[in-house]
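Visitor: The structure is given below, and queries will be raised subsequently.
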Amino acid sequence: LSQKKIMHFFRIEKQIDQTERSQLSQEESRKHRRRSCSLTVKKRRRKLLPMVPSEDPEQRFAQMGTLASALTALGIKYSDDLTYVPGMAPRSANRSKFEKGGMQVLSKEDLETLELCRAMYRRGECPPLVVVFDPLEGYTVEADGPIKDLTFIAEYTGDVDYLKNRENDDCDSIMTLLLSEDPSKTLVICPDKYGNISRFISGINNHNRFGKKKQNCKCVRYSVNGECRVLLVATRDIAKGERLYYDYNGYEHDYTVEADGPIKDLTFIAEYTGDVDYLKNRENDDCDSIMTLLLSEDPSKTLVICPDKYGYISRFISGINNHNRFGKKKQNCKCVRYSVNGECRVLLVATRDISKGERLYYD
């Protein structure tokens, strides 16, 4: 694509000369830094970092060209904003106050970073990313330059709709926007007609150590001026040539188990079942519910239970991190490995009284 077509495709604002642009960027950065300074001593908080575009304009145009080609191939129009289409969810439905359990508010400093990056996008100053087609994975996104930890990458954009309208949708990139106590009010972002580069960043299962090692960015939902927004942020330093992966294991997409009546402490709930295999055979497995059965001194003999083909209700009970007080408070059952007639078995047992309607969580 020619530079003129790329500028038209992304609706890039009229270009200014390099010196003026450099001065403007420096002025905005200084302004951003001054606002974030404080004379009072506060607990240090990790802040979002603005993206650092490639210095060479030709390289930036080449990067944007790969995105334009990918969007065009899928018939998607570029949009860096959430879109509200008649017949779908209205903008008035997108209110963070409807989020179940509340939603974190984007701080003033991080909001300034977000607005700075949006202004850079409008000038054609994008993060150093390219869209690459992979025969196995489809369209993917790779870093075309180094990206620092906590750098803002993109906002997840597309049509906003109610989840109930999209339950049978074949779009593979639907993202939760608002998780409401009332399921009929839960909102999702659907980048099948409008979207940006976030549409092509690969989701990964970080419930196994190989997926967790690959993950280098995350989707975070924030309340911005009372509305829900989803931001993609780097979770570690990303090297040039590295593919971008974010965690898709949002608990709202999982099957869960709830008590339909009271359950007493120490009640046996279920045995963890499934195919028994050696861990070495499952190290690259994408099943998110693999359970250790036998932990051997010889790693090659360690066994796991894999409920991907055979299983029981234990497959759907949610795991939780009990290393923080919120997780520990939620936990109400545990997996215990026992020797039964000389064989290893895993039993799920209640760790306290569980009330009707309460969701089950194990450590």
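None of the figures in this text is laboratory data; all of them are computed from the coordinates on show. All of these numbers come straight from a predicted model, not from anything done at the bench. Cβ placement follows ideal geometry from the backbone for every residue including glycine, while neighbour counts extend to all protein chains displayed.
Visitor: List the residues, sorted by chain then number, that are 5 or more residues from Leu177 or on another chain and whose placed amide H is less than 5 Å from its amide H.
Guide: The list, which skips near neighbours in sequence, is Leu187, Val188, Ile189.
Visitor: How much length, in nm to one decimal, is gained on full extension between Asp260 and Lys334, taken as 0.36 nm per residue of separation minus their Cα-Cα distance? Present the calculation step by step, with values, prior to reporting the outcome.
Guide: On the way: separation 74, 0.36 × 74 = 26.64 nm, distance 1.86 nm.
Full extension from Asp260 to Lys334 adds 24.8 nm.
Visitor: Then there is this: Going 7 Å from the Cα of Glu58 along its beta-carbon direction, which residues of the range 110-146 have the amide nitrogen within less than 20 Å of the resulting point?
Guide: So the set is 124-131, 144-146.
Visitor: Also, quick follow-up: Assuming a ≥ b ≥ c are the square roots of the Cα gyration tensor eigenvalues, decide whether the range 92-230 counts as rounded (a/c under 1.5), prolate (otherwise, with a/b larger than b/c) or oblate. Walk me through the numbers on the way to the answer.
Guide: Numbers: a/c = 1.59, a/b = 1.20, b/c = 1.33.
Taking the square roots of the gyration eigenvalues as a ≥ b ≥ c, the range 92-230 is oblate.
Visitor: Something else about it: For Glu358 and Leu111 in the same chain, what is the full-extension length gain: residue separation times 0.36 nm, less their Cα-Cα distance, in nm? Present the calculation step by step, with values, prior to reporting the outcome.
Guide: Values: separation 247, 0.36 × 247 = 88.92 nm, distance 3.62 nm.
My answer for the length gained is 85.3 nm.
Visitor: With the Cα gyration tensor of the range 125-179 giving a ≥ b ≥ c as the square roots of its eigenvalues, does the rule (a/c under 1.5 for rounded; else a/b larger than b/c for prolate; else oblate) give rounded, prolate or oblate?
Guide: It is oblate, given that a/c is not under 1.5 and a/b is not larger than b/c.
Visitor: Could you work out how far the C-alpha centroid of the range 342-363 sits from that of the range 96-114, in angstrom?
Guide: Centre-to-centre (Cα) distance: 34 Å.
Visitor: Shifting gears a bit: Give Lys100/Lys356; Lys218/Lys329; Lys214/Lys329; Lys97/Lys329 a once-over and call out the pairs whose C-alpha atoms are over 28 Å from each other.
Guide: Lys214/Lys329
Visitor: With each label point set 7 Å from Cα along the Cα-Cβ vector, what nm distance links Asp308 and Glu283?
Guide: 1.6
Visitor: Taking square-rooted eigenvalues a ≥ b ≥ c of the alpha carbon gyration tensor, is the range 95-162 rounded, prolate or oblate, where a/c under 1.5 means rounded and, failing that, a/b exceeding b/c means prolate?
Guide: Details: a/c = 2.15, a/b = 1.37, b/c = 1.57.
Taking the square roots of the gyration eigenvalues as a ≥ b ≥ c, the range 95-162 is oblate.
Visitor: Okay, next question. Based on the Cβ-Cβ distance of Lys4 and Val85, what FRET efficiency does E = 1/(1 + (r/R0)^6) give at R0 = 22 Å, to the nearest 0.05? Intermediate values should be presented prior to the final figure.
Guide: Details: r = 29 Å, r/R0 = 1.34.
Between Lys4 and Val85 the formula returns 0.15.
Visitor: Simple spin-label model, 7 Å along Cα-to-Cβ: Lys77 to Asp169 in nm?
Guide: The modelled label-to-label distance comes out at 1.7 nm.
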